[in-house]
Amino acid sequence: DPVSVMKGMGYRMQVDKVHQFQRNMGEVHNWLDNTDDALDKVGSALKRSYELVVNGSTDTMTKEDREKLQSELEQLREQIKDLANTKVGNKHLFSGTKTNQPLYDKDGNYQGDSANGFGEKITIEVFDGVQLDVNTTGEFFDEIDKALGEIETELNTNGNDDQATFEKAITAIQTQLDGVLTIRADLGARQNRAEMMEERLASLELSSIKQMSDNEDVDYAKAITGMYQSALFLK
């Protein structure tokens, strides 16, 4: 039956295409979920920084306490830089299309402004004509680092017992926290869209397999009846 054969080829191609898109969805979730995990850790580091500068602004802190506080702030700044260089497999999450290069070099210098590609989006096809942005570019890491760097400089310049420096730091860190929350909200919206697309692909897979089955599977009752009639004819 040439017509059935041609239909079968079309249905099989559709099923294969759906399976490829489902594999692509696995890569999408890999990017989005690992990015969300890294951003969660960035948020935790900023929250800890915020707690430290709030504590530093109180009169109950001793000079030794503020020195420990300042040291921890410096470590948190380095921790956030490490998160900016997060890799999944051999790909850097926040380096745009420069996935083989870290956002910060080994000396802690930001690379995003020094080469093309660091601010570019990575897209993955998840359906015919449908592309999802899977990466989050790392410009916000530079903003965070500059804000924490200014706090560090002012503490070294004005002394860690300067109330105004800590009050200014509270506002600066809160601004960066709000920025990370905005980025995570955008990421969450993309995760929701990916889940909806995954459900759509699952439905399309079922319908495509059913169409292929209806076209190719044997009607056993009809086949047995035909065989019986053929046997009688041969007799």
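So that you can scan it fast, the table gives a plain yes or no per residue for (1) of a type in the set (Asp, Glu); (2) farther than 17 Å from Phe140 by Cβ; (3) open to solvent by 50 Å² or more (accessible area, probe 1.4 Å); (4) part of a strand (DSSP E or B):
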site	(1), (2), (3), (4)
Leu69	no, yes, no, no
Glu74	yes, yes, yes, no
Lys81	no, no, no, no
Asn100	no, yes, yes, no
Gly112	no, no, no, no
Phe118	no, no, no, no
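Name the single residue, out of those in segment 8-61 being among the small types (Gly, Ala, Ser) and modelled with pLDDT under 95, that is surrounded by the most Cβ atoms within 10 Å (Cβ to Cβ). Full working, then the answer.
Just the residues of segment 8-61 that are among the small types (Gly, Ala, Ser), to begin with: 8, 10, 26, 38, 43-45, 49, 56-57.
Right, trim to modelled with pLDDT under 95 and you get 8, 10, 26, 56-57.
Working: Gly8: 15, Gly10: 14, Gly26: 10, Gly56: 24, Ser57: 17.
My answer is Gly56.
Restricting to segment 184-201, and then to whatever is open to solvent by less than 40 Å² (accessible area, probe 1.4 Å) and among the hydrophobic types (A, V, I, L, M, F, W, C), can you tell me which residue is modelled with the lowest pLDDT?
Pass one, segment 184-201, residues open to solvent by less than 40 Å² (accessible area, probe 1.4 Å): 187-188, 190-191, 194, 197, 201.
From the residues that got through so far, the ones that are among the hydrophobic types (A, V, I, L, M, F, W, C) too are 187, 194, 197, 201.
On the way: Leu187: 97, Ala194: 95, Met197: 92, Leu201: 87.
Out of the qualifying residues, it is Leu201.
Scan segment 164-183 residue by residue and report those that are more than 23 Å from Leu93 (Cα to Cα), open to solvent by less than 40 Å² (accessible area, probe 1.4 Å) and not polar (S, T, N, Q).
Those that are more than 23 Å from Leu93 (Cα to Cα), open to solvent by less than 40 Å² (accessible area, probe 1.4 Å) and not polar (S, T, N, Q): Phe166, Ala169, Ile170, Ala172, Ile173.
Would you confirm, using the coordinates I've provided, whether Phe166 is hydrophobic (A, V, I, L, M, F, W, C), part of a loop (DSSP other than H, G, I, E, B) and out of contact with any Asp or Glu (no Cβ under 8 Å at 6 or more places or on another chain)? Quick ask: steps written out before the conclusion?
Working: hydrophobic (A, V, I, L, M, F, W, C): yes; part of a loop (DSSP other than H, G, I, E, B): no; out of contact with any Asp or Glu (no Cβ under 8 Å at 6 or more places or on another chain): yes.
Judged against the criteria, Phe166 is not a match.
Every residue in segment 138-163 that is exposed (fewer than 12 other Cβ atoms within 10 Å of the Cβ) and not in a helix (DSSP H, G or I), please.
Passing the criteria: only Gly159.
The values are calculated or read from the model by the stated rules, or taken from the named source; none is laboratory data. Model, not experiment: these values are computed from the prediction. Neighbour counts are summed over all protein chains in view; Cβ atoms, including those assigned to glycine, are modelled from backbone coordinates with ideal geometry. We work out accessible area using only protein heavy atoms, side chains counted, and drop any ligands, DNA or RNA first. Shrake-Rupley method; radii C 1.70, N 1.55, O 1.52, S 1.80 Å.
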